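Here's the structure we're looking at; comments come further down.
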Amino acid sequence: MILRILSAGTSGMYYHSQHLTLQFNIFIGKIIFMFRIPALLALILIVSIHSALAGIIQGNISDEINNEPIIGAAVKIQNSATGGISDENGFFKIEDLPTGLYNISVSYIGYETANFYEIQVSDAIPAILNIRLKESGVELSVTEVTSGAFRRNAESPVSLNSIGVNEIQRSPGGNRDISKVVQLLPGVATGSTFRNDLLIRGGASSENKYYLDDIEIPTINHFTTQGASGGSNGLINVDFIQQVDFYSGAFPANRNNALSSVFEFSQKEGRSDRVGFTATVGASDIGLTLEGPMGKKSTFLLSARRSYLQFLFKALGLPFLPTYNDFQFKTVHKFNKKHDLTILGIGAIDDFNLNLDKDETEEDRYQLGYLPYFDQWNYTIGARYRYFTDNGTLMVVASRSMLGNKISKYANNQVNNEELKLYSIDSKEAENKLRIEHTIRKKGFRINYGFQYEIARYTNNTFRRTVITSGLPPLEYNSILNLQKYGAFAQVSKKYFKDKLSLSAGLRWDGTNYSSKMSNPLKQTSPRLSVSYQILDALSVSANAGIYYQMPVYTILGYREADGSLVNQDALRYIQNQQLVGGIAYTLPSNTKFSIEGFYKKYNNYPMLYGKGISFANEGGDYGIAGDEPANSTSKGKAYGVEFLVQQKLYKNFYGIFSYTYYRTLFTDTAGKYIPASWDYHHIANLALGYKFKKNWEIGIRWSARGGIPYTPYDEELSSLRSLWDANNRGILDYSRYNAERLKPYTQLDIRVDKKWFFRKWNLNVYFDIRNLYKSTQNFAPNLTIVRDSDNQPVLNPDNPLYYQTKYLNGDNSTLLPSIGIVVGM
């Protein structure tokens, strides 16, 4: 029983946090309309008259492996006779293009044709493309194997989708947030429409990994959940992004510690002609991005953003006051065509405070009763050095990442009275990483191999009262955990039969000094095999099989007893995931792709949180920290399903995407019985359509639907016990009925209208966005609270004064959320 009570800690906030984040967003539209409409109308009147302008597309074309310039490559604008040819330095330029969006293709004998979609052209900002073509196995002819939007890597011929920067910027309801836009793709769900928990093919958000220009970053969200990767708002500035590659399976061997997905964010380089900037005012923040040259061989990108609604939330009387800030930079120095160095950084500072003056309603008092104060910060600084040889690329990547997380809660929010402290957590994670990899091309084979080494440090100072007035001492421990992690990998790929058949095989080995059971890399041997066959020019079939491993999160690894002993050290293993994926894809010349994929995932050695009797695969959907409790590697799981995708890249002013996924995800309880996981939606469907009108008007709609999410009811008797309620200020879940209930299905319609103006020296984009246009009701699990009298005092149970009287607050909500955004670039 005590373990069950201890586990309530900061977990169990998931359904409460849905209400919190919903209210955070409800006031966005009202605020924007009150403070921006007059200025916006004046701005539109000022810029309503302008002249027709023209712009350029320019860049360099080189070999992907050795970076040698490709001379004579053909650059063609789709559905047009306009184009260009690369010169002796691989440079090309297409001039006098009317402002707008263009699709281009780049081809050369012996190389795969690369396609790039929705290149924005304007007079103020040149469109710059640095293109690296992949060599084809077919000689003496121009191959038509596509790259870019519908690329099929030999290593990952299935489960790979790419998103361009314009797709992110214009997505209805997306708020220029990459985590929200990727939810359009098949197999992607989220725990709440107002959070960024990416749940890929039934896996938890802790199973995803993110790379920024080959440098791993631990999180991509503000107010991230330690032990997972979700949060409230995206951290990455979309103005830095050139393309996002999303792997929902078939991970390349050089990407480690992922079970459900890998995101590779490719950032653009800063412009080399002059200093320019982009200023944005979005639905919740304001930001500025600068870019330009630093000498003849270097460029830079620099940005800062800050949320602004916290200043108004207090005036409006909301019970919570969140503030987030983020910073990002990138520099590229090209010593010559054989050597380049990229240095980047990304970080955030997030604060969550309470407005104690707001206690007018039952919902206000309930939220102020359980919501903590917390401060969070994180950063990653990394460098990537590349040396291009005649037949290969040597890459060295080094980085340092840190996360700091402070959470505290006091009875009656008396923060200056240590005797009333209910819990506090001060936790930090630090990672220093080095990866060296070599890619060579020889006799038609593409070989990638390398190794990596990491030094990590995790600290956690925790204090938590389990009950009040019982005489039991509080849970209190200090943890310092120093880890070393190491790994090696190799992957070999080759194409046969005039590039129709593609084969790739890879191996990984990973280990850590955490325990003797996890130190031998041979026990974590991770094989993978991919095969793809081009039946027709437009029709292909592909499959992948692999075994993948992931370390348990630091919060579980570093959990200690009060005497300092590691509770879970002898009971944990690497989590194993066996995957099998197969699919068929059909593409049309009109930039259209049809695909269907089936997948099966089998989990072993997942941490079982035996205080609750549930798998850790169900955790990570709330704010704060997840996993700091006793666990052993006894949970098993499975996820399986089928995905259908129709994707239309921009063609004759029209674009769209439709995705549908049916899947199940189940994990075992302590009795070994498979029960629905917390992310077992069954059905996910998304439809996004858009059209570009004359004079740079654009309209887009997005419709989303998902099945009802499982949830766990409260243990009403245990929750109403005075000593427990006073320590937790919220109900305790009945883990014997874990995920026994299910919410109703939910649908939502978003719409967005964009208008762009292009001038000689600057550009302007104004957009109007409405989320939940038809005010669909989103269901949340009801909140259990105690009954209070007219003086706001708890009411005791007349039959047993050791208990409070309890009641439920309605969890449903239906809100339309309008917003207006302004983007200025020059």
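The values are calculated or read from the model by the stated rules, or taken from the named source; none is laboratory data. Here the structure is a predicted model, which means the values were calculated and not measured. Positions of Cβ are backbone-derived with ideal geometry, glycine not excepted, and every protein chain shown enters the neighbour counts. Keep in mind that these areas ignore ligands, DNA and RNA; they rest on the heavy atoms of the full protein, side chains included. Shrake-Rupley method; radii C 1.70, N 1.55, O 1.52, S 1.80 Å.
Please pick out the residue among L784, L802 that is aliphatic (A, V, I, L, M) and buried (at least 19 other Cβ atoms within 10 Å of the Cβ).
L784
Does Q550 count as within 26 Å of the chain's Cα centre (by Cα) and loosely packed, with under 15 Cβ neighbours inside 10 Å?
No; evaluated as a whole, the condition is false for this residue.
Select the strands (runs of 3 or more DSSP E) contained entirely in the stretch 582-695, then report the ones holding at least 1 residues which are closer than 30 Å to D570 by Cα, of a type in the set (K, R) and open to solvent by 40 Å² or more (accessible area, probe 1.4 Å).
Answer list for the stretch 582-695: 592-609, 632-651.
Can you spot a residue in the stretch 809-823 that is open to solvent by less than 70 Å² (accessible area, probe 1.4 Å), free of Cβ contacts under 8 Å to residues at least 24 places away in the same chain and more than 29 Å from V753 (Cα to Cα)?
no
Checking P713 against (1) in contact (Cβ under 8 Å) with a residue 24 or more places away in the chain; (2) open to solvent by 30 Å² or more (accessible area, probe 1.4 Å), which single condition isn't satisfied?
Checking P713 against (1) in contact (Cβ under 8 Å) with a residue 24 or more places away in the chain; (2) open to solvent by 30 Å² or more (accessible area, probe 1.4 Å), the one that fails is (2).
What is the one condition in (1) assigned to a strand (DSSP E or B); (2) open to solvent by 30 Å² or more (accessible area, probe 1.4 Å) that D273 does not satisfy?
(1)
State all residues of the stretch 720-768 that are among the hydroxyl-bearing types (S, T, Y), out of contact with any helix residue (DSSP H, G or I) (no Cβ under 8 Å at 6 or more places or on another chain) and within 24 Å of S678 (Cβ to Cβ); if no residue qualifies, say none.
Listed by number, the residues that qualify are S736, Y746, T747.
Those residues that are surrounded by fewer than 18 Cβ atoms within 10 Å (Cβ to Cβ) and touching a Leu at 6+ places or on another chain (Cβ under 9 Å), I need them from the stretch 374-383; list them, please.
The answer is W377, I381, A383.
Does K756 satisfy being of a type in the set (D, E, K, R) and in a strand (DSSP E or B)?
Here the answer is yes, as K756 does meet what is asked.
If the requirement is being open to solvent by less than 40 Å² (accessible area, probe 1.4 Å) and under 19 Å from S159 (Cα atoms), which of these qualifies: S515, S504?
The match here is S504.
I need the full set of residues from the stretch 770-826 which are within 23 Å of A283 (Cβ to Cβ), assigned to a strand (DSSP E or B) and hydroxyl-bearing (S, T, Y), in order please.
S819
Given the condition among the hydrophobic types (A, V, I, L, M, F, W, C), buried (at least 19 other Cβ atoms within 10 Å of the Cβ), over 27 Å from I343 (Cβ atoms) and touching a residue at least 12 places away in the same chain (Cβ under 8 Å), answer yes or no: does some residue in the stretch 255-269 qualify?
Taking every residue of the stretch 255-269 in turn, at least one turns out to be among the hydrophobic types (A, V, I, L, M, F, W, C), buried (at least 19 other Cβ atoms within 10 Å of the Cβ), over 27 Å from I343 (Cβ atoms) and touching a residue at least 12 places away in the same chain (Cβ under 8 Å).
Looking at (1) surrounded by fewer than 15 Cβ atoms within 10 Å (Cβ to Cβ); (2) part of a loop (DSSP other than H, G, I, E, B); (3) touching a residue at least 12 places away in the same chain (Cβ under 8 Å), find the lone condition where L536 falls short.
Looking at each condition in turn, L536 falls short on (3).
Right, Y385: of a type in the set (F, W, Y), at negative phi and in contact with a strand residue (DSSP E or B) (Cβ under 7 Å, 6 or more places away or on another chain) or not?
In short, yes.
Among the candidates R752, R702, which residue alone is open to solvent by 10 Å² or more (accessible area, probe 1.4 Å), within 27 Å of G187 (Cβ to Cβ), basic (K, R) and under 30 Å from the mean Cα position of the chain (by Cα)?
Answer to the selection: R702.
State yes or no: is T225 among the polar types (S, T, N, Q), at pLDDT 90 or above and farther than 30 Å from P527 by Cβ?
no
Scan the stretch 164-181 residue by residue and report those that are in contact (Cβ under 8 Å) with a residue 60 or more places away in the chain and within 15 Å of E264 (Cβ to Cβ).
Within the stretch 164-181, G164, V165, I168, I178 meet the criteria.
State all residues of the stretch 75-101 that are within 15 Å of L129 (Cα to Cα), part of a strand (DSSP E or B), in contact (Cβ under 8 Å) with a residue 24 or more places away in the chain and open to solvent by 40 Å² or more (accessible area, probe 1.4 Å); if no residue qualifies, say none.
Across the stretch 75-101, the qualifying residues are K76, F91, K93, E95.
Any idea which of (1) closer than 30 Å to D63 by Cα; (2) modelled with pLDDT of 95 or more is the one K443 doesn't satisfy?
That leaves (2) as the condition not met.
For residues that are part of a loop (DSSP other than H, G, I, E, B) and open to solvent by less than 20 Å² (accessible area, probe 1.4 Å), scanning just the stretch 304-357, find the one that is modelled with the highest pLDDT.
N355
Identify all residues within the stretch 452-489 that are open to solvent by 50 Å² or more (accessible area, probe 1.4 Å) and among the β-branched types (V, I, T); write none if there are none.
I455, T469, I480
Open to solvent by less than 20 Å² (accessible area, probe 1.4 Å) and aliphatic (A, V, I, L, M), is that true of V531?
no
Which of the following residues is touching a Phe, Trp or Tyr at 6+ places or on another chain (Cβ under 9 Å), free of Cβ contacts under 8 Å to residues at least 60 places away in the same chain and hydroxyl-bearing (S, T, Y): S424, S401?
Matching residue, one of S424, S401: S424.
Kindly indicate whether any position in the stretch 290-297 is without any contact (Cβ under 8 Å) to a residue 12 or more places away in the chain, at positive phi and either open to solvent by 50 Å² or more (accessible area, probe 1.4 Å) or of a type in the set (S, T, Y) (or both).
Yes, that holds for at least one residue.
I'm trying to understand the selection: among the residues of the stretch 553-581, which are buried (at least 21 other Cβ atoms within 10 Å of the Cβ) and not in a strand (DSSP E or B)?
V553, Y554, T555, I556, L557, G558, Y559, N568, L572, Y574
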